[in-house]
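S.K.: Mind having a look at this structure? Questions to follow.
Taken together, the values in this text are just the output of simple stated rules run on the coordinates, not laboratory data. Computed from a predicted model, the values in this text were never measured in an experiment. Every residue, glycine as well, gets a Cβ built from its backbone with ideal geometry; the counts of neighbours run over all protein chains shown.
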Amino acid sequence: MNIILANPRGFCAGVNMAIDALETALRLFGSPLYVYHEIVHNRPIVEKFQKLGVVFVDDIAEVPTGGTVLYSAHGVSPVIRKHSEERNLRAIDATCPLVTKVHKEAIKFAREGYTIVLIGHEGHDEVIGTMGEAPANMVLVEDAADVAALTLPADTKLAFLTQTTLSVDEARAVIEALKQKYPQVVGPNKDDICYATQNRQDAVKKLVTEADVVLVLGSQNSSNSQRLAELARTTGTPAHLIDRVSELRDEWFRADDTVLVTAGASAPEEHVQDCIDYLKRKFGASVETRTVREEDVNFPLPRELRVLTNA
């Protein structure tokens, strides 16, 4: 067996920042510490922090008055921020700066009188937060069929934004459908899809042609991880999305397979290495790391923590 280990893979700058923020907050304030939604969409990470006394909540009312709450990397709506203030919560904002960028674009477009078409997945934490910035001005679409079903007047002053963790190709297809139906539509100056999402997808696109099977480390509720597995499957290559080595199944592999291994932007590297170690033991696999693009992006800790740590 030959393993092609894709690089870049795993943690992005936003996930690194959010996890560092939560670890720092635990040191400073102790437990119980509350996080609004999952800090990142990864079950092993969530379970690790639960064991350390972190409580993940989906309703800000679950945080005791005067308590400490950390907003997840996916961002929150202004309503949640207002409720936090009303409950006198110490709020730490670990929203990824690339998500914050989309929020600011939504505010700007709404202020200028645009109807905003948000391309994203209904119910995703990031989408909920973004739509909360301008709910009266925003409509959600997931695919070209949703665009076809739009009944906005032909001359509507229209703008589009995208969820940061979408498939680049799928988002491009939806944007093209929007432009065909509404030629006047405008978008952000730079793509909203984050650099890490795009880089991990590009690595899979380039390397999947050499693989018999693809292994993606990441959780089922991780949008960017799901997109990696879907991207591999569009080429006809079997792809499996798992959280940890215990989910591996020997019947997925043949002894002489070439296995492409990658990881979503919220998947810890230790689980990647656990899977590689298993395949080495079971199938005598050799490993070749293939770097498609270098990454050197870093985000600072949230301001609320920087002032306390001088970071």
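S.K.: Using the count of nearby Cβ atoms within 10 Å as a rough guide to exposure, how do Asp257, Asp143, Asp155 rank from fewest to most?
M.R.: Ascending Cβ contact count within 10 Å gives the list Asp155, Asp143, Asp257.
S.K.: Please list, in chain and number order, the residues 5+ apart from Leu161 or on another chain whose amide H is under 5 Å from its amide H, with Hs placed from the backbone.
M.R.: Val117, Leu118, Ile119
S.K.: Another question, then. Name the shape class, rounded, prolate or oblate, that the alpha-carbon gyration tensor gives for region 223-310, where a ≥ b ≥ c are the square roots of its eigenvalues, rounded holds for a/c under 1.5, and otherwise prolate holds if a/b is larger than b/c and oblate otherwise.
M.R.: It is prolate, given that a/c is not under 1.5 and a/b is the larger ratio.
S.K.: Considering the chain as a Gaussian network with a 10 Å cut-off on Cα pairs, which listed residue, Val69, Val79, Val168, attains the greatest mean-square fluctuation?
M.R.: Looking only at Val69, Val79, Val168, the biggest GNM fluctuation is shown by Val79.
S.K.: Based on Cβ point charges of +1 for Lys and Arg and -1 for Asp and Glu, what charge dipole magnitude is obtained for region 75-224 about its Cα centre, in debye rounded to the nearest 20?
M.R.: About 520 debye.
S.K.: To make sure I understand, if each residue's beta carbon is the centre and we count other beta carbons within 10 Å, what order do Thr235, Thr115 fall in, fewest to most?
M.R.: The fewest-first ordering by Cβ neighbours comes to Thr235, Thr115.
S.K.: If each DSSP helix of 4+ residues adds -39,500 (n - 2.57) and the sum is divided by the residues in the chain, what number results at 222 nm, nearest 500 deg cm²/dmol? Please report the intermediate quantities before stating the final value.
M.R.: On the way: 11 runs with 122 residues, N = 311.
Counting only the DSSP helices, I get -12000 deg cm²/dmol.
S.K.: Identify which of Ser225, Ser167, Ser246 has the largest mean-square fluctuation in a Gaussian network model of the chain, with springs joining Cα atoms closer than 10 Å.
M.R.: Result for the chain, Cα springs under 10 Å: Ser246 fluctuates most.
S.K.: How do Ile39, Ile80 rank when sorted from fewest to most other Cβ atoms within 10 Å of their own Cβ?
M.R.: Ascending Cβ contact count within 10 Å gives the list Ile80, Ile39.
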